[in-house]
Amino acid sequence: MSVDVTVPDLGESINEVQVSGWLKQPGEAVSMDEPLIELESDKATVEVPAPVAGVIIEIVAAVGAELKVGDVLARIDTEGKVAAAAAAPASVHEATDAPHVMPAAQRVMTERGLSTDQVTGTGPGGRILKEDAKQTAAPAPAPTPPPPSAPPRPTGERNERRVPMSPIRRRIAERLVQAQQTAALLTTFNEIDMTQVKAMRAQHQEAFQARYGVKLGFMSFFIKAAVEALNLVPEINAQIEDQATIYHDYCDIGIAVGGGKGLVVPVIRNAEMLGFGELEMTIGDFGFRAQANKIDLSELQGGTFTISNGGVYGSLLSTPIINPPQSGVLGLHAIEDRPVAIDGKVEIRPMMYVALTYDHRIVDGREAVTFLKHIKQCVEQPERLLLKV
């Protein structure tokens, strides 16, 4: 009689399983409750036992098949076991000429771990007797490896502290998550040769400080370059509002500054109207007041574009996140001397990687690359900022 082996009920929440492996093959005998197949669910791997004894006549479900409770796995012929058992004695008589072991000798051999090829029979017809088993030297036991030593357990303190997030930190977290969830963010990269800007700063630094009372930094160059690039690509200075695009005819540029309670982004209003001296004085004032947590809330609101300088902390390359509802952010990085090809020759130049993250919903890739390329041209040739070309 043929009996179907089906997928059993493995629990309330398990409805589907996958065949991970067969433990028996067609033609093999199997006993009742002997493991037959391995099924894998989303929770564990289980073995399905044979419901009856017999011979496997068909495997229905192949390895990798996905099944449900009640599906047929295999079929077992319950009459097959009897036929296999009847044929077993004949196979014993057809075996090789192995020596006959007397029952008493077999017990001794089992106790001492001996096999028939290790004992020489002295009985009639080469039978192995009890005395033969006793006189044969037992094999030496295999050396037992020492148990692995347990690794030393740390003895230091494992303290934990629960500190509530500050309101500004919570707000930063909210804005970052909002940017990831509401905008189609993409980042493009370029690198800038800072040779000319460094030379200009060195040449005019003393006179600049004497007039404005602050140092001439790199940020003012990038702000002026960003203003020119935003005029060239106004989509990056715009924002999406409902089903419309709001274009700004002014440049309110946010400058990311590390403050006493985290990163803040105060906004330089109408940056397009300010010169290098006014920009550097504003940046210096923001930095001083940010450390003292004296930035007004109104100074952190609005903004049409943001510049973040991770290079002051040593960042070589990063992908900045836009400040919603803005459509772009420029990331600056550390200046490092690197070999570059100049007119067919390798020279060591002070190079900076720059990154522009933009909202792909409003800014296309061509516009983003054009913007970043114009930033590169203006900084590598700072005279363009005076000529506005």
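The values are calculated or read from the model by the stated rules, or taken from the named source; none is laboratory data. None of these values were measured; they are calculated from a predicted model. Quick reminder, even Gly has a Cβ in these numbers, built from the backbone with ideal geometry, and neighbours come from all protein chains shown.
Which count do you get for residues in segment 172-193 that are surrounded by 14 or more Cβ atoms within 10 Å (Cβ to Cβ) and over 22 Å from Ala368 (Cβ atoms)? Here the count works out to 1. For segment 240-264, name all the residues that are buried (at least 21 other Cβ atoms within 10 Å of the Cβ) and modelled with pLDDT of 95 or more. Across segment 240-264, the qualifying residues are Cys251, Ile253, Gly254, Ile255. Is there a residue in segment 318-330 that is in contact (Cβ under 8 Å) with a residue 24 or more places away in the chain and farther than 17 Å from Leu176 by Cα? No, segment 318-330 has no match at all.
Confirm whether Met219 is out of contact with any Gly (no Cβ under 9 Å at 6 or more places or on another chain) and closer than 23 Å to Cys251 by Cα. So Met219 fits the description; yes. Taken over segment 112-141, the criterion of being surrounded by 10 or more Cβ atoms within 10 Å (Cβ to Cβ) and not in a loop (DSSP other than H, G, I, E, B) is satisfied by Arg112, Thr116, Gln118, Gly126, Ile128, Lys130, Glu131, Asp132, Ala133, Lys134, Gln135.
Look at Thr144 and say whether it is hydroxyl-bearing (Ser, Thr, Tyr), surrounded by 11 or more Cβ atoms within 10 Å (Cβ to Cβ) and closer than 30 Å to Gln118 by Cβ. Here the answer is no, as Thr144 does not meet what is asked.
When the criteria are applied in full, Arg169 meets the requirement of being at pLDDT below 80 and basic (Lys, Arg). Of the numbered criteria (1) under 29 Å from the mean Cα position of the chain (by Cα); (2) in the same structural domain as Gly311 (by TED's automatic domain parsing), the one Pro154 fails is (2). If you check Gly217, Gly213 for being small (Gly, Ala, Ser) and at positive phi, only one passes: Gly213.
Table: residues versus (1) touching a strand residue (DSSP E or B) at 6+ places or on another chain (Cβ under 7 Å); (2) within 23 Å of Ile321 (Cα to Cα).
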{"residue": "Arg201", "(1), (2)": "no, no"}
{"residue": "Val233", "(1), (2)": "no, yes"}
{"residue": "Thr245", "(1), (2)": "yes, yes"}
{"residue": "Cys251", "(1), (2)": "yes, yes"}
{"residue": "Ala256", "(1), (2)": "yes, yes"}
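If only residues of segment 346-363 that are within 28 Å of the chain's Cα centre (by Cα) and either loosely packed, with under 15 Cβ neighbours inside 10 Å or among the charged types (D, E, K, R) (or both) are counted, the one that is farthest from Leu330 (Cα to Cα) is Arg361.
Does at least one position in segment 327-344 carry a residue that is in a loop (DSSP other than H, G, I, E, B) and touching a strand residue (DSSP E or B) at 6+ places or on another chain (Cβ under 8 Å)? Yes, segment 327-344 contains at least one residue that is in a loop (DSSP other than H, G, I, E, B) and touching a strand residue (DSSP E or B) at 6+ places or on another chain (Cβ under 8 Å).
Of the residues in segment 294-302, at least one is acidic (Asp, Glu), buried (at least 16 other Cβ atoms within 10 Å of the Cβ) and modelled with pLDDT under 95.
Yes/no per residue for (1) of a type in the set (Val, Ile, Thr); (2) more than 18 Å from Ala184 (Cα to Cα); (3) outside the structural domain of Val257 (by TED's automatic domain parsing):
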{"residue": "Gly344", "(1), (2), (3)": "no, yes, no"}
{"residue": "Ile348", "(1), (2), (3)": "yes, yes, no"}
{"residue": "Asp364", "(1), (2), (3)": "no, no, no"}
{"residue": "Pro382", "(1), (2), (3)": "no, yes, no"}
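Selection of segment 268-304 for residues being of a type in the set (Phe, Trp, Tyr) and touching a residue at least 40 places away in the same chain (Cβ under 8 Å) yields only Phe276.
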